[in-house]
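Q: Quick one: the structure is below, questions incoming.
Just so it is clear, none of the values below were taken in a lab; they were calculated from the coordinates. Just so you know, these numbers come straight off a predicted model, no measurement behind them. Using ideal geometry, Cβ is built from the backbone for each residue, glycine included, and neighbour counts are taken over all protein chains shown.
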Amino acid sequence: MKIVFKISALWVLLMFLSSAKTLPTYTKTDLMGAFNPESHDGFTAVSSRYSNQTIYMRKEAHEAFIKMAKAAAKDGISLTVVSGTRNKDRQVEIWSNKWERFKGDDVEKAEEILLYSSMPGTSRHHWGTDIDINSVEPEFFEQGAGAKTYEWLDANAHKFGYFQPYIKKGSERKKGYREEKWHWSYYPTANQLLKAYQRMVTYQDITGFPGAEYAQELNIFDRFVQGIPDLNEEYNGFFQVSKNP
C-alpha cells in the first residue's frame, strides 16, 4: 500500500511539474510595456505583406493573424495591421502630446484622453497581443469596404482566436474606452496576460507621465484595464484548443 501511494504521489508530482512547464510566465516589464519588442524573444515583426510599417507582435498572435488574413482574402477582404505593440515609452509620447493639447483641469484632461487612449503602463497594446486593423478612424468602418471588413471580422475573427475587446458599450460592456471596431485581441495569450496583470501590477507602478497621480482616483484598473466583455464562458472552451492555431 505504501509503495502504491508513493508511486501515485510521484506520478501526480511529475504531472504537475510537466503541466507547469507549459504555463506562460510574465514579468512586470512584459505587462507594462517596459521593453523593446524588437529584441524580445517572444515577438516578431509583422509580415511586410500585411503592413507597410515595422510593427511587432507576439509570435503566436502573429501566426494566428496570418491565418485569419489569408482566410479573409479568400472572401475578398483585405486585412492589414496599422498598429501593434506599443511599449510604455511610445505610450508616454502619445499620452503626453494629448496632455499638452487638451484643455481643462488635470482630471478633465485625463478623462478626455481616456476616451480612446490608455494611460502608459495600462494598455493592451503593451502585450503584443492586440492590433489595430486597416484604420483607426471610426468612420472607416461605417460604410463601404470598411463596413464589410468589420462584418467579416465580427463573424469570423473568433475562429482564429481574436475578439474585439472594446465593443459598443451596453449590457455586455458597461465601462472603459469608446467602441473601437479596429482593435482586435488574440485571446489565448491576452487572457493570460490580463490575469497576470491583475495579480502583479499596482497603482504604485503607474508612474512617469503627467497625470499618473490620478490613476487610482480615476479607477483605471477597474474601468479600463478590465473594461472588456467577459468572454470566459462563451469562448474559453474554444480558445483552449486554439492556443496553437
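Q: Step through the residues of the stretch 31-36 one at a time and calculate ³J(HN,Hα) from phi using the Karplus curve (6.51 cos²θ - 1.76 cosθ + 1.60, θ = phi - 60°), rounding each to whole Hz and writing x for Gly and Pro.
A: 6, 10, x, 8, 7, 9
Q: Quick check: pseudo-label points 7 Å beyond the Cα along Cα→Cβ at E111 and K67, how many nm apart are they?
A: In this crude spin-label approximation the distance works out to 4.4 nm.
Q: Right, something else. Can you list the equivalent-ellipsoid semi-axes of the stretch 23-240, largest first and in whole Å, using the square root of 5 times each Cα gyration tensor eigenvalue?
A: They are 27, 20, 18 Å, listed from largest to smallest.
Q: Please list 3J(HN,Hα) in residue order for the stretch 122-133, calculated via the Karplus relation 6.51 cos²θ - 1.76 cosθ + 1.60 where θ = phi - 60°; whole Hz, with x for glycine and proline.
A: Values, residue by residue: 10, 7, 5, 5, 5, 7, x, 9, 10, 9, 9, 10 Hz.
Q: Set the bar at 18 Å for Cα to Cα. Now go through K28/K195; K59/K168; K70/K148; K98/K169; K28/K169; K28/K88 and name every pair that lies beyond it.
A: Pairs exceeding the cut-off: K59/K168; K98/K169; K28/K169.
Q: May I ask for the distance between the Cα centers of the stretch 161-235 and the stretch 47-109, given as a whole number of Å?
A: 16
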